[in-house]
Amino acid sequence: MVEGDVEEASLGLSDRFEQVRDVYHLAARFAFGLGAQEARRCNVEGSLNAAAWALSRPRLRRFVYLGGYRMLHASTRPGAESALTERARGRLYRRLGAYEASKHEAYLAVRRFAAERGLRWTAVHPSSVIGDSRTGETTQLTGLGETIERLWQGRLPALVGSERTFLPLVTVDYLARFLASVPERPETAEQDLCVLDQATPRLPALVRGIAAHLERRPPRWVLPVGLVRLLPEALTGVPRESLSFLAEDAYDTRAADAHARAIGLAMPPIRTSVERWCDYLAATRFGAAPGR
């Protein structure tokens, strides 16, 4: 294990690692409520630092960039290799919030860098990542994990969205195996691979199923996003930045599915995976008692 820093040139590494063939850029500052400069420093400038470091590896086979499924939807994705103007950047950050906007900007910046400098790349865009399909283990609670914690505590009287809201999931072990295999196949070069389980139930049905499994009372209401956006965060307890994820959109996973079939990788059953994840969260008191 070697520690570096994506916010530094050459990632703060003194060793050149000249034998490295594949570089995976998974680092990001992930939180709601970030300032734009803080988010850009890690997520945008850090991504370009990682891409530049990868390009300087003499034996580089592939630079694998971890994006996000929302940036591939037609309604949110800007033009692929265009530079954002200051005005467009300002609109993007106001609309999406610093975290998601910085991920969009980073994706554009990496694509532009790759086109200009000849970097061999693949972008993998996962949906919300849940625990290991066999054990449920995870260290990431932001998002749906926090919703489940409120459900467990009896503090989830309502959901936000609609009966058609689609918050797709993918297990961390499936994603890890998928990522590890990407550079092995030349067919994945210069591709965007959207990785999610299309069998994920719509959000209200998903949460009702979780409530039944955990023997908790399910939410009684589903509130429209537009209404919640107008209310103070202190009243709703829902970060405004998270609302853009509560959409009814569909996502094109054909390229990722084709790669998975080619390597013999199958999605684990989503219902069982979710139940094991919830059991792990409850057993570890949502991170308060790790290792239990």
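Structural remarks
- Cβ-Cβ distances below 7 Å connect the following pairs, each with a first residue in segment 57-83 that is closer than 19 Å to S244 by Cα and of a type outside the set (G, A, S), a second residue that is modelled with pLDDT of 65 or more and in a strand (DSSP E or B), and a separation of six or more residues or different chains: Y69/H125; Y69/P126; Y69/C194; M71/H125; L72/H125; L72/D192; L72/C194.
- The sole residue among S244, S162 that is of a type in the set (S, T, Y) and either touching a strand residue (DSSP E or B) at 6+ places or on another chain (Cβ under 7 Å) or farther than 26 Å from E275 by Cα (or both) is S162.
- For segment 253-268, residues that are surrounded by fewer than 13 Cβ atoms within 10 Å (Cβ to Cβ) and part of a loop (DSSP other than H, G, I, E, B) total 2.
- Identity of the residue in segment 215-252, hydrophobic (A, V, I, L, M, F, W, C) and in a loop (DSSP other than H, G, I, E, B), that ends up farthest from D192 (Cα to Cα): L231
- Counting only strands (runs of 3 or more DSSP E) wholly contained in segment 66-168, no element carries 3 or more residues that are at pLDDT below 95 and not assigned by TED's automatic domain parsing to the domain that holds V222.
- Subset of segment 1-39 that is among the basic types (K, R) and farther than 20 Å from G97 by Cα - its residue that is modelled with the lowest pLDDT: R16
- Test result for E275, outside any loop (DSSP other than H, G, I, E, B) and not assigned by TED's automatic domain parsing to the domain that holds L96: yes
- Scanning segment 198-216 for residues that are among the hydrophobic types (A, V, I, L, M, F, W, C), under 18 Å from the mean Cα position of the chain (by Cα) and surrounded by 16 or more Cβ atoms within 10 Å (Cβ to Cβ) yields one hit, L203.
- Segment 111-123, subset of a type in the set (A, V, I, L, M) and farther than 11 Å from L66 by Cα, residue surrounded by the fewest Cβ atoms within 10 Å (Cβ to Cβ): A115
The values are calculated or read from the model by the stated rules, or taken from the named source; none is laboratory data. These numbers were taken from a predicted model, which means no experiment stands behind them. As a convention, Cβ positions derive from the backbone with ideal geometry for all residues, glycine included, and neighbour counts pool all protein chains shown.
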